[in-house]
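Everything on this sheet refers to the single structure shown next.
Throughout, read-outs are computed from the coordinates displayed, never taken from laboratory work. Since the model is a prediction, treat every value here as computed from it, not as a measurement. Cβ sites come from the backbone with ideal geometry, for glycine too, and all protein chains shown count toward neighbours.
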Amino acid sequence: MIFNIQKCSIHDGTGLRTLVFFKGCPLRCLWCSNPESQSYRQEIMESPVRCIGCGECKRVCPEAAILDDYRIDRSRCTNCFKCTDCCYAESKRVVGRDYFVEELYREIEKDRPFYSLYGGGVTFSGGEPLTHAKDLKEIAKKCHDNGINVVVESCGYGQFEEFKEALPYIDAMFMDIKHIDPETHKALTGMSNELILENIRRISEFGTPITIRTPIIPGYTNSQENIKGIAEFVSTIPTVKEYELLQYHNFGEPKYTALGKPYPLKGVIVPEDEEMNDLVKCANQILQKYKKECYWMKNNEREVIK
Amino acid sequence: MISERIFRLSEKVRNTPAEICLDRARLITKFYSEPSMEPFILRRAKSFQYVLENKKIFIDDDSVLAGHLASRLHAVPIYPEVTAWLYDDLETIDTRSSDHFKFIPGEKDELRTIVEAWKGRTFGDLTGALVDADMNTMINIGIFTKGVSNLSTMNHAPAYYDMVHRGYRYYIDKCKENIAALEDMDIDTMEKQITWQSMIIVMEAIIKFAHRYADLAEKMAGECSDSERKAQLLAMAENCRVVPENPPQNFQQAAQFVWFTHLALMMEVNGGDHCIGRFDQYMYPFYKKDLENGVSEAFIADVIHEFKLKFGELWVLRTNRESQAYPGCPLWIHMMIGGVLPDGKDGCNELTNAILHCMDDLQTKEPCVSFRYHDGVNQDTFRLALAVARKGGSHPAFFNDSTNISHLLTLGHTLKEARDWGICGCIEPSVPGITDFQSNAGYFNPIKVFEITMNNGVDPVTKVQIGPRTGDVTTFTSVKQLMDAYETQQAFFMKKFIVLFNRIISCHAHALPTVTASCFTYGCIEKGRILQRKGAEHRYSAVAISGVANVADSLAAIEECVFDKKYLTMSELVKLLETNFEGKENMRQLLINKAPKYGNNIDSVDEYAHWLADLCNEQVVQYRDGRDGQFTTVIASQSYNVVLGRLIGATPDGRLAFTDLADNASPMIGMDVNGPTAVVNSISALDPLIPQSGVLVNQRFDPAITKGEKGLDILETVVRTFFNQRGQHIQVNIVDDETLRAAQKDPQSHRNILVRVAGYSAYFVDLEKDIQDNIIARTLQQTL
Ligand code: SF4
Ligand code: SF4
Ligand code: SF4
């Protein structure tokens, strides 16, 4: 199941890219900026600003789950999608839809003319694409066979035996290590990092070029020990040449409201550029010896502090 | 970095309020008050001569190039003998919301007297008498506009590439030789003789006009105590003695030459959209020679800046309606740079880069600098051009050699000619020096025709049965039926439109010649015919098509919501449109959200855009224009999308009554939600190879995504890929909503934000609120 296809992205790979987001993720990171990506099922997102107050949703809801302000009382809702069908203003809409591989490929193929310059292509993201092993393999193969550069963005949590079939068709991967300490990792994301680190090793052994990424979330992942720890780990992975730190942003917050969920990171502020620089420097002190590089992106430019 | 002198000049040009100058109006009225039986061409030539001999001239303290349009900086002359509308619009010239002009106290009254004297006798009255009553209704309700009826023919593109090596004397001698070779006289040879005599009069007059500046500069030099300024004035005097009579000897003289010529085109009569041509090509030899002679790059840069500011200073007076449709006073004076040479090699050179660097330092409203792209374009120069456009000044615009050259080949040019193309009008390719192109045949408005089709030939706004009865749409059972009905309606109105234009253009041939431009367009001197009387070998006129997205989206909405998914019946839809969705907002939302929209790379709706573009073109190209030229189409609206939108009721795409239409070839405002790649793919699907005069694409990007080298990569990728898919033109606006909103609140501190309106740039703060809002509403292309 796919929850979004985004054209013309410049992040997550080289050149101009089409981002395909798989729906469903085994992790529950507190800061997740795509909360609609977590569940493996269809969900309803609400955007009250688009509501025109026509009242149709309230009229059709069999569970009387629509409140007076036309918001959904999620405790009553059974996800029957009757309300989304009649909400022409798309104030309530279903996220997540199944695609046939052919159909998905046609969508990706539409932007093929843009891929040739600066090494563009498709990036599969999520959610966690590696947990959609069969679909991932098929679509990645189709793209790969047709000469489209394939990148996968992953948190690393999946069964190697299942997703290894997809690896031959993947040109590069972005893999997250949110925290180096297994316990903290579990506390922050719901799962320990052992499987993730193991997968990174095995994917690297397979020969896939990997960029490791860490989201810098003040108070959660931004300690120097954490970054150093990850950098140490990175230095042992042969096909990792780059380590990117991602500056936390709170653009995901409205999506929590849209899904009727609380935002766990309320009040966390975006890390200062200074701090990003310091952390990058910290990582580079370790990575330099191994001819690897840490950076973060500011205004579309790489900031490499040594 | 710009010099202090250029900074002062630029501030002056930008901060001097536009004013009305009565100098020309007085002179021309006086001239025509003297009785004469002379043939009209000769009389026009002499009237221009009289103006040039007597108009007030001045030299600005910071200028090294001579020549201004009027008697004061940033003032505009009046053409009372041409403009009939002045009688109606005069009172609001100084108060209207868009492009208003100040009067010197007392002069408004004087102008009123002048206009009164011309009332009923102007060129505009001549053309006005040819508009039938039904045509008038069609204009008033917004089916089409009336082009060039109150001005001379436009889009002059002199053969500067040869002129700068010859000087006017060469052309005068040609005319004299031709006259000397005449033997017998018949009515045709008489016309030739008159034409050559007129040309000689005009060219000599312009030379003398330059000498007047030389005299003034010498006089001022004599009184000047500052040695640097004195030297500048003496150089100016010398330059004005050399050019335009003789070939220029250096870069500055060549710039002066082009400027005098352009100025003459504009002073003779009130047409616009004249083209500077391939400036980086014909100026290159002068540039190179100057550098070899030790002239500094900085000096050349200053000349380029001042040359551009000269064009930036030019304004024209338009009708109230036009001042809203073309806000910010554009003149579409294109300076072409880059592109292939006639032999197919890349034409980018050091001067191309120097011009771009100048733009990087200082953007001007005019000239429109247009960068010609091709596959083999110098990568560094192309990136530099993109970086300059990104900086926010919105120049240069980008044009695709391959599409434009193929258009010109289909219009009958040789490959070598076609490769030397320039832009005349907003985006229309033509070959300078050999073409008489008319970019302003008028705007044709398909969505109005669609509205009339939905009402069986009746205009629902005025309730007039204006078109044929093509059937009650509530009985229709397929989109095909509706499209057929539309086709019949459009054919009916298109014919009216063409007939009207041909009447008007015929008036030019019999009353309003442009002699200066005729001197410098091949064919005219050879044949002894002015442009308006078929002087040039290549002649075409473009019909502008607006609001394509609204028609495509409307058809798709009807197909999807009425015929396919049956959300509503045709009768219900008609009722909704009649009532402007009153109390039925959810049905409007249905039409918006449940049907595909043009601009998102969705075939089922993009095909309708293609169908419409093709249909318009087929219906247009079957006619010949009044000068036995070809007709072409151009998909462009300028800001008529706002003006015409006010005349059109609710439409099936969910657009509310009397609101803005989609601009140019763009998707409807806010409907393109899949990013710039989807937009350009949709436009490619429309097929930019069909309209031989182009497809205007305006794409606004968020500054955040276009930052850095990677941001430039994006721009480059979008532009290159669009052009690989036959795109003809694309212009980028890179300024965020916040900045524009701030400029609305505090215009004074945002006076320098240039935005792309449509084929031209204007200062944002000079625009009317409506247009400003429309520009902000145009979807900002962001990526995440
Ligand atoms: S791994 Fe990514 S998608 Fe999954 S919860 Fe964490 S941030 Fe969200
Ligand atoms: S159906 Fe949609 S628009 Fe209508 S009241 Fe419900 S949420 Fe609002
Ligand atoms: S999806 Fe939930 S809120 Fe909507 S109609 Fe069904 S039960 Fe009611």
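Using Cβ point charges alone (K and R +1, D and E -1), the dipole size of the stretch A:43-95 about the Cα centre works out to roughly 40 debye.
Among beta bridges identified by DSSP and lying wholly in the protein assembly as shown, the antiparallel ones come to about 30 percent.
The trypsin sites (Lys or Arg not before Pro) of the stretch B:1-97 that DSSP puts in a loop, and whose beta carbon has at most 12 other beta carbons within 10 Å, are B:Lys56.
Cross-link partners of A:Lys266 among aspartates and glutamates, defined as those whose alpha carbon lies under 13 angstrom from its own and excluding same-chain residues fewer than eight positions apart: A:Glu253. Counting only other chain Cβ atoms within 10 Å of each residue's Cβ, the peptide B:679-691 averages 1. Couplings for the stretch B:619-624, taken from phi via the Karplus curve 6.51 cos²θ - 1.76 cosθ + 1.60 with θ = phi - 60°, read 6, 7, 5, 6, 8, 10 Hz in order; Gly and Pro are left as x.
For the pair B:Ile179 and B:Ser36, a Förster radius of 22 Å applied to the C-beta separation gives a FRET efficiency near 0.55, rounded to the nearest 0.05. Determine the alpha carbon to alpha carbon distance for each of B:Lys345/B:Lys707; A:Lys141/A:Lys241; B:Lys56/B:Lys102 and list only those over 29 Å. Exceeds cut-off: B:Lys345/B:Lys707.
Indicate the gyration tensor shape class of the stretch A:43-95 (rounded, prolate or oblate), computed on the Cα atoms with a ≥ b ≥ c the square roots of the eigenvalues: a/c under 1.5 is rounded; otherwise a/b larger than b/c is prolate and the rest oblate.
Rounded, because the longest to shortest axis ratio a/c is under 1.5.
Computed from label points 7 Å out along Cα-Cβ, the spacing between A:Glu183 and B:Glu223 is 9.2 nm. Given a Förster distance of 35 angstrom, what is the FRET efficiency for B:Thr659 paired with B:Ala742, based on the Cβ-Cβ distance and rounded to 0.05? Efficiency for this residue pair is about 0.90. What residues from the stretch A:223-247 fall in the zone where the backbone N is under 17 Å from a label point 7 Å along the Cα-to-C-beta line of A:Glu272? Correct set: A:223-224, A:247. Taking every C-alpha pair closer than 8 Å and separated by at least 6 residues, the mean separation divided by the residue count of the stretch B:347-475 gives a relative contact order of 14 percent. For A:Arg213, the residues 5 or more places off, or on other chains, whose built amide H falls under 5 Å of its own are A:Met175, A:Asp176, A:Ile177, A:Glu244.
If each residue of separation counts as 0.36 nm, what is the full-extension length gain between B:Thr488 and B:Leu130 once their alpha-carbon separation is subtracted? So the chain would gain 126.4 nm between B:Thr488 and B:Leu130. About the centre of its Cα atoms, chain B shows a dipole size close to 660 debye [charges on the beta carbon of Lys, Arg (+1) and Asp, Glu (-1) only; nearest 20 debye].
Take the Cβ atoms of A:Arg97 and A:Arg28, set R0 to 25 Å, and the FRET efficiency comes out at 0.65.
Percent antiparallel among DSSP beta bridges with both residues in the stretch B:339-438, to the nearest 5? Spell out each step's value before the answer.
Working: 4 of 8 bridges.
For the stretch B:339-438, the DSSP antiparallel bridge percentage is about 50.
Cross-link list A:Lys137/A:Lys164; A:Lys178/A:Lys255; B:Lys745/B:Lys769; A:Lys137/A:Lys186; B:Lys146/B:Lys448; B:Lys46/B:Lys146: which exceed 18 angstrom alpha carbon to alpha carbon? Beyond 18 Å between Cα atoms: A:Lys178/A:Lys255; A:Lys137/A:Lys186; B:Lys46/B:Lys146.
Where does the longest stretch of chain B lie that holds no GluC sites (Glu not before Pro) found in a DSSP loop with 12 or fewer other Cβ atoms within 10 Å?
With a cap of 12 other Cβ atoms within 10 Å, the longest stretch comes to B:224-581.
The charge dipole of the protein assembly as shown, taken about the Cα centre with unit charges on the Cβ atoms of Lys, Arg (+1) and Asp, Glu (-1), comes to about 620 debye, rounded to the nearest 20.
Using 17 Å as the cut-off for backbone N distance, which residues of the stretch A:179-205 belong to the label zone defined by a point 7 Å from the Cα of A:Glu225 along Cα→Cβ? Correct set: A:179-188, A:193.
Would you mind telling me the antiparallel percentage of the DSSP bridges in chain B, rounded to 5?
The antiparallel fraction comes to roughly 30 percent.
Ranking B:Leu265, B:Ala235, B:Pro248 by Cα position along the charge dipole of the protein assembly as shown, where only Lys, Arg, Asp and Glu carry charges on their C-beta atoms, puts B:Leu265 farthest toward the positive end. For peptide A:294-301, compute the average count of partner chain beta-carbon atoms within 10 Å of each residue's beta-carbon. The shielding value for this peptide is 3.
The length gained by stretching the chain between B:Asp564 and B:Asp614 to full extension, at 0.36 nm per residue less their Cα-Cα distance, is 15.5 nm.
Against chain B, whose longest principal axis comes from its Cα atoms, helix B:708-724 is set at around 80 degrees.
Can you give me the relative contact order of chain B as a percent, contacts being Cα pairs under 8 Å and 6 or more apart?
14
Karplus-derived 3J(HN,Hα) values for the stretch A:134-148, using 6.51 cos²θ - 1.76 cosθ + 1.60 with θ = phi - 60°, are 5, 4, 4, 4, 5, 6, 5, 5, 4, 5, 4, 4, 9, x, 9 Hz; glycine and proline are entered as x.
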